[in-house]
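I have placed the structure first, in the form of structure tokens, so that the comments after it can refer back to it.
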Amino acid sequence: MRSLKYGAAAVLLALAAGCSEGEPTYELEAVTGPSPFHGIHGLTITSEGRLLAGSVIGRAIYEVDRKTGDTSIFEPSPEGMADDIEEGPDGTLAWTAFLDGKVYARKPDGTLLTLAEGLPGLNSLAWREDGRLFATQVFLGDALYELDPTGANPPRKIMEGMGGLNGFDFDPDGKLYGPLWFKKQIARVDVDAATLEVIAEGFATPAAVNFNSKHELHAVDTETGHVYRVDIETGEKTLLAEVLPAIDNLAFDAEDNLYITNMADNAIIAIDTGTGAAETIVSGPLAIAGDIEISGDTLYIADLFAIRKLDLASNEVSELARVWSSPIDYPLSISASGDRIAVAGLTSGAVQTFDKASEQSLGLHHGFTVPADAVLLEDGRIAISEYARGAIVLVDGDDWSKRTDLATGLAGPAMLKLDGKGGLYVSEHLGGRLTRINIENGERSIVAEGLSAPEGFDIAPDGSIVIAEVGAKQISTINPETGKKTIIRGDLPIGFDAPESVPSLFIPTGVAVAANGDIYFSSDIDVRIYRLKKG
């Protein structure tokens, strides 16, 4: 199991949190190290030698210093959302905004153009040497388009149903080469004749290909973490290097130095194609930093591209599972009860349970309507908040097809917590309320209202409820008997802006209270875990 330690002592960021006389004071500390991105995907090396990398969740294009690993924002949000990015022959930079369904282009004179819109899942793109530009939809569609680099004409669909034509490249003869994500193959496409032929097979999940200056095709396999050279005539593949799974893309510079991205580690890695040596230029302990949960001496983190664990004594971060190499589907919330763990994928519609001891999956189940959270009941059922449907659904743990609504008509039901007295607390993100629901009869009562976009919360040792009010960037405590709210700390790095195309909950801020009263929370802005240390 891989682990990463962020110092023996957490970094002290601020002094006492300014509470009223007689109330406890808190110091704000960073527990994990910083992460440079919010997930990293496509990359390119420009004609000037600048390494640019794109983030979908972070909605930005970053420039990375290849010697120091220092990062800076090259193209900011919201137009900067980039799943793939490439420079054209005339210096125009084009990129795909996956969630927004757009392709943008920045001309050398600084003009920003929109070349495509209304096509969700625009994923990969590449220029031909003659200046023609092509892009594909993957995951939210499955089609290949030619784009007008001037933006004057709409995209022209060339073909569809290829099987997930992901990160692709052109050879000097103008033929397109790319991986078929869902078919475990690499294909050659004639974009003029609209024909496709498979040239190589036997991959696990091929994610992207690229040619070097010698016209040698290289491919990355996200599931295995393998980097290959592929003979385009015979289909023979040669393993060059192996890194951790979750590779997203690759790019060569003018000297044929190879760079790859790893979305689970927020990493850009230099690969020596001769020796197979891998050198990390930049990375982070967390990828996204979603919901969190404390169980024993461990803080569990739903990290979108991985499920991670933080040892509360040592601050070491280790890994339970990561996307593609493990059967998980982009978890953003997490809970633990007894010997099981439950995670939910807000955008994937998936809920999954794990055995805590073996860390093996007990089942991955889809078909939920934007599931924000899932908690395990003592009788084996699972309570799931369906954010978009405004409902709490109870699922039979032995037969997941048996689903019964416990409550409907909720305003953005987000995070859940059992009260230990037959009730279920839910934060209504859109309604600004914390509500208690009786698990047996569905009766509900308002615990507190007038909250500002409440998300993650936990029950403190004294019975109070500690909750993140993301809209106000603060953490507050609520007396569950009276509903009285007291602000613990404001001006916190929470509340990362969501694009219009996704639920406003986006990356849920998690809150977990330790047995000693320390409050842990996840920062979706800084991509790290913080602690409000009780004085």
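The relative contact order of the chain comes to 10 percent, based on Cα pairs under 8 Å that sit 6 or more residues apart. For the range 439-528, GluC sites (Glu not before Pro) meeting the loop criterion (DSSP other than H, G, I, E, B) and having at most 16 other Cβ atoms within 10 Å: 440, 443, 481, 500. Residue ranking by accessible heavy-atom surface, 1.4 Å probe, largest first, among 46, 114 comes out as 114, 46. Annotation: average projected area of the range 190-327 is 10.6 square nanometres, based on the convex hull of Cα atoms across all directions. Distance between the C-alpha centres of the range 485-535 and the range 68-147: 32 Å, rounded to the whole angstrom.
Modelled this way, with points 7 Å down the Cα-to-C-beta line, the labels at residue 173 and residue 337 are 6.1 nm from one another. Can you work out the base-10 log of I(q)/I(0) for the chain at q = 0.07, 0.09 1/Å, using the Debye formula on its C-alpha atoms alone? For the chain at q = 0.07, 0.09 Å⁻¹, log10 I(q)/I(0) is -0.40, -0.66. Overall, the accessible surface of the range 488-535 at a probe of 1.4 angstrom is composed of carbon and sulfur to the extent of 42 percent.
A simple spin-label model places pseudo-atoms 7 Å from Cα toward Cβ; at residue 255 and residue 73 they are separated by 3.2 nm.
Once the C-beta distance of residue 280 and residue 500 is scaled by a Förster radius of 41 Å, the resulting FRET efficiency is 0.75 to the nearest 0.05.
Scanning the chain for trypsin sites (Lys or Arg not before Pro) lying in DSSP loops with no more than 12 further Cβ atoms inside 10 Å, the longest uninterrupted stretch between such sites is 215-401. Of the residues 234, 155, 206, the one whose Cα sits farthest toward the positive end of the charge dipole of the range 142-275, with +1 on the Cβ of Lys and Arg and -1 on the Cβ of Asp and Glu, is 155.
Placing +1 on the Cβ of every Lys and Arg and -1 on the Cβ of every Asp and Glu, with no other charges, gives the range 374-508 a dipole of roughly 280 debye about its Cα centre.
Inter-label distance, residue 516 to residue 193: 7.0 nm, where each label sits 7 Å from its Cα along the C-beta direction. Surface analysis of the chain yields an accessible area of 38 Å² per residue, using protein heavy atoms and a 1.4 Å probe.
Step through the table entries 485/533; 183/214; 175/237; 183/237; 102/214; 417/485, compare each Cα-Cα distance with 22 Å, and write down the pairs that go over it. Beyond 22 Å between Cα atoms: 183/214; 102/214. Taking every DSSP bridge with both residues inside the range 228-342, close to 95 percent are antiparallel.
The apolar share of the surface of the range 382-457, taken as the fraction of accessible area on carbon and sulfur atoms (1.4 Å probe, ligands and nucleic acids excluded), comes to 42 percent.
Would you mind pulling out the separation of the Cα centroids of the range 174-248 and the range 271-348, in Å? For the range 174-248 versus the range 271-348, the Cα centre distance is 28 Å. Accessible surface of the range 32-190, 1.4 Å probe: 47 percent of it comes from carbon and sulfur atoms.
The values are calculated or read from the model by the stated rules, or taken from the named source; none is laboratory data. Worth saying up front: this structure is predicted, and the values here are computed from it rather than measured. Quick reminder, even Gly has a Cβ in these numbers, built from the backbone with ideal geometry, and neighbours come from all protein chains shown. For the accessible areas, the whole protein counts, side chains as well, though only heavy atoms, and no ligand, DNA or RNA atoms are used. Shrake-Rupley method; radii C 1.70, N 1.55, O 1.52, S 1.80 Å.
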